[in-house]
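Asks: Sharing a structure, written as structure tokens. Questions coming.
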Amino acid sequence: EVVITPELFNNKNNSFFITYGWKGDDNREQWHDYQVKTVWSFHGGVQVESKWQDYDQAVLSLLPPHRYRTVSIEADADRLKEKKVRHVVVSLKSYINGKPVLTQTTIRNKGISPSALVDVPESKSQMPTVVDMVWYLEGGKKLVGKPGTVEGEILYWDELPEEE
């Protein structure tokens, strides 16, 4: 069994080995016949588990059942100051194996271009990623946007919903 974490992946340079050997095992050709089952675990409790598969190769190549999409969340600081926005909470709900994975970030209205880059895990045969934004204004006001799907790789958080 090999458990690969981001830290272990970086420290081992993506090179992992499992050594087979058993006392009294004298058939060195038969060790090439084995079964493999992968379990991909994600933060939040989502797992993708394969069925047992027969292999007869010395090398096992694994391809994760997802990809990461980098989403840039950008805004014009002057436009936000004009509307008295302090910060926004952006929630991105993606799906892996049909189960939701939530990625959240908070961006404060500081600097020339208040922005953030977020890596969102998505299934290769993906359901669309849904974005929700909540803006926090001076004086304790809060604006909640309507959920929408992420189109492309850039989201703008300086386009506020109308106040009710």
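The values are calculated or read from the model by the stated rules, or taken from the named source; none is laboratory data. Remember, predicted model here, so these are calculated numbers, not experimental data. Cβ: placed from backbone, ideal geometry, glycine included. Neighbour counts: every protein chain shown. Note: areas computed on protein heavy atoms with side chains; ligands, DNA, RNA excluded. Shrake-Rupley method; radii C 1.70, N 1.55, O 1.52, S 1.80 Å.
Asks: Mind checking whether some residue in region 54-63 is surrounded by 14 or more Cβ atoms within 10 Å (Cβ to Cβ) and on the phi < 0 side of the Ramachandran plot?
Replies: no
Asks: Suppose we keep only residues that are closer than 11 Å to VAL90 by Cα and buried (at least 17 other Cβ atoms within 10 Å of the Cβ) within region 133-145. Which one would you say is farthest from the chain's Cα centre (by Cα)?
Replies: TRP135
Asks: Let me ask something additional. Among the residues of region 148-164, how many are within 16 Å of VAL85 (Cβ to Cβ) and surrounded by 10 or more Cβ atoms within 10 Å (Cβ to Cβ)?
Replies: 7
Asks: Pick from region 81-109 the residues that are in contact with a strand residue (DSSP E or B) (Cβ under 9 Å, 6 or more places away or on another chain) and among the charged types (D, E, K, R): which of them is nearest to VAL39 (Cα to Cα)?
Replies: Result: LYS99.
Asks: What tally of residues in region 83-115 results from selecting those that are over 15 Å from the mean Cα position of the chain (by Cα) and open to solvent by less than 80 Å² (accessible area, probe 1.4 Å)?
Replies: 10
Asks: Restricting to region 44-70, name every residue that is among the hydroxyl-bearing types (Ser, Thr, Tyr) and part of a loop (DSSP other than H, G, I, E, B).
Replies: If the condition is that a residue be among the hydroxyl-bearing types (Ser, Thr, Tyr) and part of a loop (DSSP other than H, G, I, E, B), then SER50, SER61 are the ones that fit.
Asks: Of the residues that sit in region 64-74 and are of a type outside the set (Ser, Thr, Tyr) and modelled with pLDDT of 95 or more, which one is most open to solvent (accessible area, probe 1.4 Å)?
Replies: GLU74
Asks: Scan region 117-132 residue by residue and report those that are within 24 Å of ARG86 (Cα to Cα) and open to solvent by less than 20 Å² (accessible area, probe 1.4 Å).
Replies: Within region 117-132, VAL118, VAL131 meet the criteria.
Asks: Here is a further query. Condition test on GLN47, is it surrounded by 10 or more Cβ atoms within 10 Å (Cβ to Cβ) and under 31 Å from the mean Cα position of the chain (by Cα)?
Replies: Yes: the conditions hold for GLN47.
Asks: Here's another thing I want to ask about it. Just to be sure before I move on: is ILE96 modelled with pLDDT under 95, touching a helix residue (DSSP H, G or I) at 6+ places or on another chain (Cβ under 9 Å) and among the β-branched types (Val, Ile, Thr) in the structure I sent?
Replies: When the stated conditions are applied, ILE96 does not pass them.
Asks: Consider LYS23 carefully, then state whether it is at pLDDT below 85 and open to solvent by 80 Å² or more (accessible area, probe 1.4 Å).
Replies: yes
Asks: Under 6 Å by Cβ, and 6 or more places apart or on different chains, what pairs join a residue from region 88-106 that is farther than 16 Å from PRO147 by Cα with one that is small (Gly, Ala, Ser) and surrounded by 15 or more Cβ atoms within 10 Å (Cβ to Cβ)?
Replies: Listed pairs, sorted by first residue: ILE96/SER123.
Asks: Another question, if that's okay. In this structure, does ASP158 turn out to be among the acidic types (Asp, Glu) and in contact (Cβ under 8 Å) with a residue 24 or more places away in the chain?
Replies: yes
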